[in-house]
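Report on the following structure.
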Amino acid sequence: MRREPDHSSGGRVRAKAEAESGAAAGAVPGEGPTRRILGRETLLVFGLSLGASGVSALISFVGSVTKPGGLRDQAATMNASAAPGRPWLDLAWQLFGIATALVPVALVAHLLLREGSGLRALGFDRGRPRFDAARGVLIAAAIGSTGIAFYLAARGLGFNLTVVPEALPGVWWKFPVLVLSAVQNAVLEEVIVVGYLLRRLDQLGWKPGRTLLASSVLRGSYHLYQGVGGFLGNMAMGAVFVFLYRRWGRVGPLVVAHSLLDIGAFVGYALLAGKVGWLPTA
C-alpha cells in the first residue's frame, strides 16, 4: 500500500527536524559527504597514521641534529627487537605491531565503501595481478640501485644517519617477520599516501601539482628520522610514484615495488651486514 505524504502540522515539524538534523551533520540530500567532512576525515586518517609519523620523525631529527657528533655517527634502527632474550614474546610484539599498523588501511577501506567503491577505486585489488607484478618489478629495479647510491652519498656527506634496516635476533621467524614488515610498510604507505590522499585532495578541488607536492613531501616527512638524505630521497620517490599512479590509476604496482624495495633492504642487510665493506653498519 502506498503511504500518503503527511501534510499535518506534526508531519511538517518532523520533516523540518529531520532536515535540520541532516544539515547539522553536513549531509546534503542525494549527495555524498561535503568537502568540509572529507577534509576533516582526511586530517583524522593522517593524524592516526603517517601524519603522526611525520611529526614523530621531525622530533627525532631535531634530537639527532642537536646531539653531539655528526649524523652519520648516529644510527636509525628500523626493525628492532621488542623483547630481547625472549623470542616468543618478541614475535608476539612484532606481529602485533605489523597488524595494528594496518588498521588505518582498514579505516580507509571502510570510508571508501561508504562511497560504494572500496579499495578497488584506488587500484588495490586482484583485478590485474600480472600488470601490477610486472610493473612493480620494473619500478623496484629502476629505483633500487639509485636509492642505495643516494643513501651512501648522503651519509658520506654527513646528511644522513646510518640506517640499520634490521636488528632482530637470529631466530627462525626473523626473515618471515622482515618480509611481513616490508609488505605492511608498502600497503600502508601506497594506499594512504598515494591512493587515498590523492583521491581526497582531488575531491577537495586541489590541482594536480599541489597534490603531487603534498604527497611527496608527506612521504619525505616520515622518513626524516633518517636525516636530510632520507627526506629528499623519499620525497623524490614519492613524486615518481604519484606520477605513475596518475598514469595507471592503480596503487597495486606501487605496493609491489615498495614491498620488493623494503624486502631487499631488510633481508639484504641481514645477510650482508658485516660481510661487505661498502655497507655501513652501526
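Here are some notes:
Listed here are the residues, each with its yes/no results for (1) assigned to a loop (DSSP other than H, G, I, E, B); (2) modelled with pLDDT of 50 or more.
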{"residue": "Arg2", "(1), (2)": "yes, no"}
{"residue": "Ala17", "(1), (2)": "no, no"}
{"residue": "Glu31", "(1), (2)": "yes, yes"}
{"residue": "Ser56", "(1), (2)": "no, yes"}
{"residue": "Phe61", "(1), (2)": "no, yes"}
{"residue": "Ser64", "(1), (2)": "no, yes"}
{"residue": "Gly69", "(1), (2)": "yes, yes"}
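- Of the residues making up segment 110-167, those that are under 19 Å from Gly233 (Cα atoms), touching a Gly at 6+ places or on another chain (Cβ under 6 Å) and hydrophobic (A, V, I, L, M, F, W, C) are Phe150, Ala154, Phe159, Leu161.
- Top-ranked residue in segment 204-229 [being within 15 Å of the chain's Cα centre (by Cα) and closer than 20 Å to Met78 by Cα; ranked as surrounded by the most Cβ atoms within 10 Å (Cβ to Cβ)]: Arg219
- Criterion: in contact with a Phe, Trp or Tyr (Cβ under 8 Å, 6 or more places away or on another chain), of a type outside the set (D, E, K, R) and under 25 Å from Phe46 (Cα atoms) - qualifying residue of Gly205, Gly123, Gly209, Gly116: Gly123
- Checking the stated criteria, Ser60 turns out not to satisfy the condition of being within 19 Å of the chain's Cα centre (by Cα) and surrounded by 19 or more Cβ atoms within 10 Å (Cβ to Cβ).
- Long-range neighbours under 7 Å by Cβ, at least six apart or interchain, first residue more than 12 Å from Pro280 (Cα to Cα) and at pLDDT 95 or above within segment 154-182, second of a type in the set (D, E, K, R) and part of a loop (DSSP other than H, G, I, E, B): Leu178/Glu166
- Residues of segment 203-223 that are in contact with a Ser or Thr (Cβ under 7 Å, 6 or more places away or on another chain) and part of a helix (DSSP H, G or I): none at all.
The values are calculated or read from the model by the stated rules, or taken from the named source; none is laboratory data. All values reported here derive from a predicted model rather than from experimental measurement. Quick reminder, even Gly has a Cβ in these numbers, built from the backbone with ideal geometry, and neighbours come from all protein chains shown.
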